[in-house]
1. So for the chain, averaging the separation of alpha carbon pairs under 8 Å that are six or more residues apart and normalising by length, what relative contact order in percent results?
2. Convex hull volume of the Cα atoms in the chain, per residue, in Å³?
3. If you filter segment 69-128 for trypsin sites (Lys or Arg not before Pro), then keep DSSP loop positions with at most 10 other Cβ within 10 Å, what is left?
4. With an 8 Å Cα cut-off and a minimum separation of 6 or more residues, compute the relative contact order for segment 14-127 in percent.
5. Give me, ordered by chain and number, the residues 5 or more places off Gly70 or on other chains with an amide H under 5 Å from its own placed amide H.
6. Lys and Arg at +1, Asp and Glu at -1: add these up for the other residues within a Cβ distance under 14 Å of Ala59 and post the number.
7. Full extension from Ser149 to Leu192: what is 0.36 nm times the residue separation minus their Cα-Cα distance, to one decimal in nm?
8. So if I place +1 on the C-beta of Lys and Arg and -1 on the C-beta of Asp and Glu, and nothing else carries charge, what would the dipole magnitude of segment 39-113 be about its Cα centre? I want it in debye, nearest 20.
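Values in this text are rule-based calculations from the coordinates and carry no lab data. Everything quoted here is computed from the prediction, not taken from an experiment. Neighbour counts are summed over all protein chains in view; Cβ atoms, including those assigned to glycine, are modelled from backbone coordinates with ideal geometry.
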Amino acid sequence: MKSVRHYLQFSDLTPDEYHHLFERTKVLKRRQGAGELHRPLVGKVMSMVFEKHSTRTRASFEAGMAQLGGHAMFLDTKSSQMGRGEPVEDTARVLSRMSDIIMIRTFEQRQVERLAAHSRVPVINGLTNEYHPCQILADIFTYVERHGSIKGKTVAWIGDGNNVCRTWLQAARVLGFKLKVASPLGYELKALDGHHYGSELLELTQDPARAASGADIVTTDVFTSMGYEAEQAARREAFAGYQVTAELMRHAKPDALFMHCLPAHRGEEVAAEVIDGPQSVVWDEAENRMHAQKALIEFLLLGHRED
Ligand code: CP
Ligand code: NVA
């Protein structure tokens, strides 16, 4: 099987490749805004496999493929044979004969790895229980387009040490910034990639104010991620005190950005005045999913493009 590049974790790309992607995202975003057509993927097809709900991931990949001149094909567990037990390896073999690239949102990271191992075409992780690399790609672009390089900056994560948080941690190592995570007991961040994260890259605490102190970005996510709904009541109790409030934002730098991957629950993990306030960049993050993923798809299919 010919070797192809996949995007299964944030650590799959190098700092130079991220530098290229951020520059390319700026170009593609500007072109889209100016109404210029850019269609290098005419005749190309993306398979999008969803085993969990989505608004942004589906919409951004589907719109992005259309803008690049290609097509995106939606499959979900309910209406496909994956929901009736067809092995992911067989799904990979079939879809990669009909499409040029596959995006999957599923439960275990292992599923994505099995899909990639049996795919002839690039596979993109559109969220697993463990990681959400496309989100952090877009979030860091959102920082970069406003303030330049994220190297040496500080990101504060308030709440669950979940898939999005774990992806921030990988990004901290690849791009050289500090992550401070405040989580309640039992919901701490655990790295799964075997790397040692020294105190210059990662600080864990139970105190949200300590994590937010001096941060350039303050970010959070839902108390209960998809797949963990049975724990909802216990989580609501455990996460009391972990809301990003205007008071908490005052511990960060005065020009700190507030980020949230969305969907959000106002009054739970974030106060309405923060997410709807002047430091919030959540709508840019959502829009940038589309621009950054267009650059990623182009890179995986066509390599570095300067045109
Ligand atoms: N942020 C994000 O991935 O949103 P969706 O779950 O709507 O795709
Ligand atoms: N951590 C959340 C992110 C949703 C985009 C989840 O996995 O449900």
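1. Working: 587 pairs, mean separation 58.6, N = 307.
Value for the chain: 19 percent.
2. Values: hull volume 40.2 nm³, N = 307.
About 131 Å³ per residue, rounded to a whole number.
3. Values: sites: Lys78, Arg84, Arg93, Arg97, Arg105, Arg110, Arg114, Arg120; in loops: Lys78, Arg120.
Sites meeting the loop and neighbour criteria: Lys78.
4. 26 percent
5. Leu41
6. On the way: positive: Arg56, Arg58, Arg105, Arg289, Lys294; negative: Glu62, Glu285, Glu287.
So the surrounding residues net to +2.
7. Numbers: separation 43, 0.36 × 43 = 15.48 nm, distance 2.61 nm.
Extra length available between Ser149 and Leu192 comes to 12.9 nm.
8. Values: 11 positive and 9 negative charges, 49 e Å.
For this selection, approximately 240 debye.
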